[in-house]
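Since the structure comes first, as C-alpha cells, the remarks are kept for the end.
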Amino acid sequence: MSFATKFEKINMALSHPSLFRSKKNYLFILSHMRSRSSLLSHLLGSHPEICGYGELHYDYPTPTSLFKMHLELYKDLNDINESKYYLDKVLHNSYVISDKILSNPKVHILVLFREPKATIRSLVKMGEATNKPEYSNTDKMLQYYIKRISYLIDISKKYSKVHIIESDKVVKDTAHTLKDLSDWLNLDSELSENYNLFNKTGKAGHGDPSSSIVSGKIIETNNSQSIELDEDSLEIALQHYRNLSILANR
C-alpha cells in the first residue's frame, strides 16, 4: 500500500470515527472464480440492509482487520452506516481469513460453488475475452478448482453459520434460493431478482467483466465450448464437487 493510500485511509478514519464504532454483521461470500459470485454479490449488495457487492482483495488475519472493510466500502459507496451487513467476496486461498474472524458470531459465511466442467469452460472463455492466457491453461485451472473446493469443504464442515448454494440454483431456482437466503440472513424484506449497478460493476479485477453483469437482471448463459481436461484431475474435481453438494443438501 502506497503512502498516499495509507494517508487517505487514515484521514478518512479520522473524519468518520463512526466507521469504527458501528457494530455490524459481516457476510463473506467464499467461492471460486466463474461461480456466478458476481451475480450473487450484486443481488445481495442491492438489498438496503447489505453493503458491498464484490471483491475487496483483503486478508483478514485479526478482528481489527475488519475495519479495512468498513473504510473500503465507505470509500466506494459513501453511506454505509444504515446497513445491517458488510459484505466481501473471497475467491482465492491466497487471501487469509483467520479462525477468529470466521468463528465470530457476527460473521455469516456464504459458500457458493459450481460444477467443474462449466467452471473451467467459463474460465477459458474469460481468458480469451480478457487476453489472459493463464485462464486457458486447463490443468492449472483444474488444480485451482480442486484446492479451492477442498478449502470450501473444510470451511463448510468447521463453522456453524454457513449457508451453501450450488451456483445453478441462482439462475434456475432463483425465487426459492433468494427466499432461503433472505430467511437465513433475517432480512426485513426479501432479496430481489433485479439488482443495482455499482461503481466497479463489470470492471476488470472486480468480478465478472462480461456484458451480462451490467444488465441488472439474472441472465442464464450457456457455454458449450469444447475443452480437453485431464481425466484423473477432472475425476478428483468431480468428487470434491459431489462432496460439497452433499454438505449443501444436509
Region 175-239, accessible surface, carbon-and-sulfur percent (1.4 angstrom probe)
43 percent
Rounded to the nearest 20 Debye, what is the dipole magnitude of the chain about its Cα centre when Lys and Arg each give +1 and Asp and Glu each give -1 at the C-beta?
640 debye
Rounded to whole Å², per residue accessible area for the chain with a 1.4 Å probe reads 49 Å²
Cα-Cα longer than 29 Å, checked against Lys125/Lys169; Lys68/Lys117; Lys117/Lys158; Lys125/Lys157, kept in input order, equals Lys68/Lys117; Lys125/Lys157
Find which of Ile164, Val124, Ile146 sits farthest along the positive direction of the dipole of region 114-167, computed with +1 on the beta-carbon of Lys and Arg, -1 on that of Asp and Glu, about the Cα centre.
Ile164
Could you compute the FRET efficiency for Trp184 and Ala118, with r as their C-beta to C-beta distance and R0 at 35 Å, rounded to 0.05?
0.90
Could you tally the net charge around Glu231, taking each other residue with its Cβ under 15 Å from the Cβ of Glu231, Lys/Arg +1 and Asp/Glu -1?
-4
Which percent, to the nearest 5, of DSSP beta bridges fully inside the chain are antiparallel?
5 percent
Which value at 222 nm does the chain reach when only helices count, each DSSP H run of 4 or more adding -39,500 (n - 2.57), with the total divided by all residues and rounded to the nearest 500 deg cm²/dmol?
-14000 deg cm²/dmol
Just subtract the alpha-carbon distance of Asp79 and Glu231 from 0.36 nm times their residue separation and send over the number in nm, one decimal.
49.8 nm
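Within region 29-101, report the GluC sites (Glu not before Pro) that DSSP leaves as loop and that have at most 14 other Cβ atoms within 10 Å.
Sparse-neighbourhood loop GluC sites (Glu not before Pro): Glu82.
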Calculate I(q)/I(0) for the chain by the Debye formula, one identical point scatterer on each C-alpha and no solvent, and give its log10 at q = 0.16 Å⁻¹ to two decimals.
-1.26
Provide the FRET efficiency to the nearest 0.05 for the Glu128-Leu238 pair, computing r from the beta carbons and using R0 = 22 Å.
0.35
Taking the radius of gyration and the Kirkwood hydrodynamic radius from Cα positions alone, what is the Rg/Rh ratio for region 122-190, to two decimal places?
1.11
Where in region 174-212 does the label zone of Lys106 land, with the point 7 angstrom along Cα→C-beta and an amide N cut-off under 18 Å?
185-187
Lys172 label point, 7 Å along Cα→Cβ, cut-off 16 Å on backbone N: hits in region 143-165?
165
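The values are calculated or read from the model by the stated rules, or taken from the named source; none is laboratory data. Being a predicted model, the structure only gives us computed values, none of them experimental. Cβ coordinates were reconstructed from backbone atoms using ideal geometry, including for glycine residues, and neighbour counts include every protein chain displayed. Accessible surface is based on the protein model in full, side chains and every heavy atom, while ligands, DNA and RNA are left aside. Shrake-Rupley method; radii C 1.70, N 1.55, O 1.52, S 1.80 Å.
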